[in-house]
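Below is one structure, written out as C-alpha cells; comments come after it.
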Amino acid sequence: MRYLVVLAIAAGAFAQTFDGSGDIGETPRMGRIEMGPPMRVTGGGANVWGNADALFFAWKRVTGDVTISADVEFEGKGVNAHRKAMLMLRQELMPGSVYADVALHGDGLTALQYRETAGGTTKEMRSAVTGPARIQIERRGNQIRIGAAKRGEPIVWTGPVTLAFNGPVYAGLGVCSHDAQVLETAVFSNVRMEQAPQYRSKVTIYDFATKSTRTVHEMDGVMEAPNWSRDGKHLLVNTGGNLYRLPVEGGDLDKIDLGPGGYRCNNDHDYSRDGKRLGFSASSEGSRQSQVFVADADGKNVKLLTPAAPSYFHGWAPDGKWLAFVGQRNGKYELFRVGVDGGAEERLTSKGAYDDGPEYSPDGRWIYFNSNRTGGWDLWRIPASGGGPGDSLAERITSDEGEDWFPHISPNGKRMVFLSFPKGTEGHNGKMAGMTLRLLPVPGKKIKAAKPETLLTFFGGQGTINVNSWSPDSRQFAFVIYELVERR
C-alpha cells in the first residue's frame, strides 16, 4: 500500500519560508503581503485567465509532490464579484506560465483553473462547493486536483487534471482584484504546505552465497518493490505510477504498456508462478482508490478483479487460480482472495485490527501475512482456504520487539525473508533509518520458536520489499535502499 509521507509547515513557518513575493503581469497598483498570522494578501490585476495573468503572488520554490491548504475569506464587499483568492502552482513567474490553482471568487464560485502550455488558454473545472471556508490544491506527479469544504463539513474533491510541470514549481498564495485600478484583500489562515521528502533509490540484490549486496540500479526519486521474473532475467519494479522491467545485471528501464485506462500502479505487483500472467494494484480512470487487476505478462488484456476499493494485490496461488489481496472493508484491513477469472471476493480473515501482506507458500497450503491483532506487528499464517471461524486457525510466527511486515517465502520453500521496522512504529508507510531485513526458516507443520537472523540494517521502509522478490533459484533476493536527498 502506498501513502504520501509529508513534512508539514504550519502557517507562521510557511510565511517565513516564502522565497519571494510580488506582482505578476500588468498591475498598475502594487500588491503586498502582511505575514500575520493570519496572512493578509492584497493584490490587483485585471484577471488570472486567458493566456496571461495579472495578480500578486507570494511563493516558495518546491520540487515534487506538494499540497497547500488554507482557510480563506475576503475583506469587505469588494468591487468585482470575480475577484480571486488563490492557492497556486506555477511553472514560471511570467504572466503566461503553465499553472494550476484553486480559485475562490468573490461570489463564492470555486474552481480548478489551469493552463496546459505557456501562453495557452486557461481551462476550468468547477467545484460543487460554493463559498467554502477551506480550500486545497494537491499535486501528485502530473496529476492536480483541488478540494473545498464549508466549515465543519468534509472536503469535496474536483479533478484530477493532467498538467506537465517540468521540474520545480512556484507554490503559494495569490490575489487578483479583477479590476486593475483597485486592490482587494483576502485573509489566509491555518495555512499548511505539505511536501513529500525527496529520495534516491538503489535497487539492490542480496546474495546468500557471498552474504553481500550489489546495486543494479540507482535513480533520483522513488522506485519500489522489485519482483524477480520467472526466467531470472529481469526485475519488475514500479516508479511514477508505471511498471518497468529492469535487467538483473542493470541497464535501461523497459516500460510495460498497460494500454488505455489511466492506470497508476502502486508497489503491489508480481508475476504468476508460470510467468504468464501479471497481477497488480492501481488506481485508474474508474477509481481513485487502489483496485486489483490481472493482465498478460506483457501488460496486454488488463482485467479488473476487485470492484470494491481500496484493494491491494499481494500474492499468487501456486496453481495460478487465485490472487490473495488486502481489502479495506467496513473500516478494517483484512485478507481476501479472488479467482483469476473474476467473481466474488472471498474473505480469509476476520479478527485482526489490521492484516496485510498475504503470500502463498510454494506448496499452496498456507498464506503467510503480518498483523497487529495482538498489539505489535508480527508474522502469522493461516490455511490457504482461510483462518476459520474467528480466525481460530491463525498461527503466530514472530513475537519479539521488531515490527514485522511482508513475509516472503523462497521458491524452494525453505527460507522466509521479511522487513522489520523499529520497535513502536505504528504502520509501514514511512521510510526511516534502523530498518532491518530478517530471515527465518519456513515453519513446518508445527511452528517452533526460532530467533530471526538479521541480514542487513539500512535506511528503507515503504517500497523496500512489499512483494515477493526472491530469485527463481532461491539464492538471491532483491530490495530497495533509500537515501534522503536534500531539497534544492
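Here Gly240 meets the list (1) modelled with pLDDT under 95; (2) assigned by TED's automatic domain parsing to the domain that holds Leu87 almost entirely, failing just condition (2).
Can you pull out the residues in the range 60-94 that are surrounded by fewer than 19 Cβ atoms within 10 Å (Cβ to Cβ) and among the aliphatic types (A, V, I, L, M)? Those that are surrounded by fewer than 19 Cβ atoms within 10 Å (Cβ to Cβ) and among the aliphatic types (A, V, I, L, M): Val79, Ala81, Leu93, Met94. Taking only the range 76-94 into account, find how many residues are touching a Phe, Trp or Tyr at 6+ places or on another chain (Cβ under 8 Å) and either within 22 Å of Arg134 (Cβ to Cβ) or in a strand (DSSP E or B) (or both). Qualifying residue count for the region: 5.
Within the range 270-285, the residues that satisfy the criterion of being over 13 Å from the mean Cα position of the chain (by Cα) and within 15 Å of Gln143 (Cα to Cα) are Ser284, Glu285.
Matching residues to (1) in contact with an Asp or Glu (Cβ under 9 Å, 6 or more places away or on another chain); (2) of a type in the set (A, V, I, L, M); (3) surrounded by 13 or more Cβ atoms within 10 Å (Cβ to Cβ):
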{"site": "Thr210", "(1), (2), (3)": "no, no, no"}
{"site": "Thr213", "(1), (2), (3)": "yes, no, yes"}
{"site": "Val237", "(1), (2), (3)": "yes, yes, yes"}
{"site": "Gly241", "(1), (2), (3)": "no, no, yes"}
{"site": "Leu246", "(1), (2), (3)": "yes, yes, yes"}
{"site": "Asn267", "(1), (2), (3)": "yes, no, yes"}
{"site": "Arg273", "(1), (2), (3)": "yes, no, yes"}
{"site": "Arg288", "(1), (2), (3)": "no, no, yes"}
{"site": "Ala309", "(1), (2), (3)": "no, yes, yes"}
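Restricting attention to the range 45-59, which residues are crowded, with 22+ Cβ neighbours inside 10 Å, out of contact with any His (no Cβ under 9 Å at 6 or more places or on another chain) and not acidic (Asp, Glu)? Break it down stepwise before answering.
First, pick out the residues of the range 45-59 that are crowded, with 22+ Cβ neighbours inside 10 Å: 45, 48, 53-58.
Adding the requirement that they be out of contact with any His (no Cβ under 9 Å at 6 or more places or on another chain) leaves 53-58.
Of everything in the range 45-59, those that are crowded, with 22+ Cβ neighbours inside 10 Å, out of contact with any His (no Cβ under 9 Å at 6 or more places or on another chain) and not acidic (Asp, Glu) turn out to be Ala54, Leu55, Phe56, Phe57, Ala58.
Determine which single condition Asp71 fails, assuming it passes every other condition in (1) over 26 Å from Glu194 (Cβ atoms); (2) in contact with a Ser or Thr (Cβ under 8 Å, 6 or more places away or on another chain); (3) of a type outside the set (Ser, Thr, Tyr). Every condition holds for Asp71 apart from (1). Tell me yes or no: at least one residue of the range 22-44 is touching a residue at least 24 places away in the same chain (Cβ under 8 Å), more than 16 Å from Glu184 (Cβ to Cβ), small (Gly, Ala, Ser) and out of contact with any strand residue (DSSP E or B) (no Cβ under 9 Å at 6 or more places or on another chain). No, because not a single residue in the range 22-44 is touching a residue at least 24 places away in the same chain (Cβ under 8 Å), more than 16 Å from Glu184 (Cβ to Cβ), small (Gly, Ala, Ser) and out of contact with any strand residue (DSSP E or B) (no Cβ under 9 Å at 6 or more places or on another chain). Answer yes or no as to whether Val129 is in a loop (DSSP other than H, G, I, E, B), of a type outside the set (Gly, Ala, Ser) and either more than 30 Å from Leu484 (Cβ to Cβ) or not assigned by TED's automatic domain parsing to the domain that holds Glu153 (or both). It is true that Val129 is in a loop (DSSP other than H, G, I, E, B), of a type outside the set (Gly, Ala, Ser) and either more than 30 Å from Leu484 (Cβ to Cβ) or not assigned by TED's automatic domain parsing to the domain that holds Glu153 (or both).
Restricting attention to the range 465-488, the residues being hydrophobic (A, V, I, L, M, F, W, C) and either assigned to a loop (DSSP other than H, G, I, E, B) or touching a Cys at 6+ places or on another chain (Cβ under 8 Å) (or both) number 3. Evaluate the range 456-479: report whether one residue or more is without any contact (Cβ under 8 Å) to a residue 24 or more places away in the chain and either of a type in the set (Val, Ile, Thr) or crowded, with 21+ Cβ neighbours inside 10 Å (or both). Yes - at least one qualifying residue is present in the range 456-479. Filtering the range 417-438 to residues that are of a type outside the set (Lys, Arg) and surrounded by 16 or more Cβ atoms within 10 Å (Cβ to Cβ) leaves Val417, Phe418, Leu419, Ser420, Phe421, Thr425, Gly427, His428, Met435, Thr436, Leu437. Tell me the residue from Asp220, Asp257 that is under 25 Å from Ser283 (Cα atoms), assigned by TED's automatic domain parsing to the domain that holds His408 and touching a Gly at 6+ places or on another chain (Cβ under 8 Å), please. None of the others qualify; the one that does is Asp257. Of the candidates Ser97, Ser69, the single residue that is under 31 Å from the mean Cα position of the chain (by Cα), polar (S, T, N, Q) and outside any loop (DSSP other than H, G, I, E, B) is Ser69.
The values are calculated or read from the model by the stated rules, or taken from the named source; none is laboratory data. Only a predicted model underlies this, so the values are computations on that prediction, with no experimental measurement involved. A quick note on method: Cβ atoms are made from the backbone with ideal geometry, for glycine too, and the neighbour counts reach across all protein chains shown.
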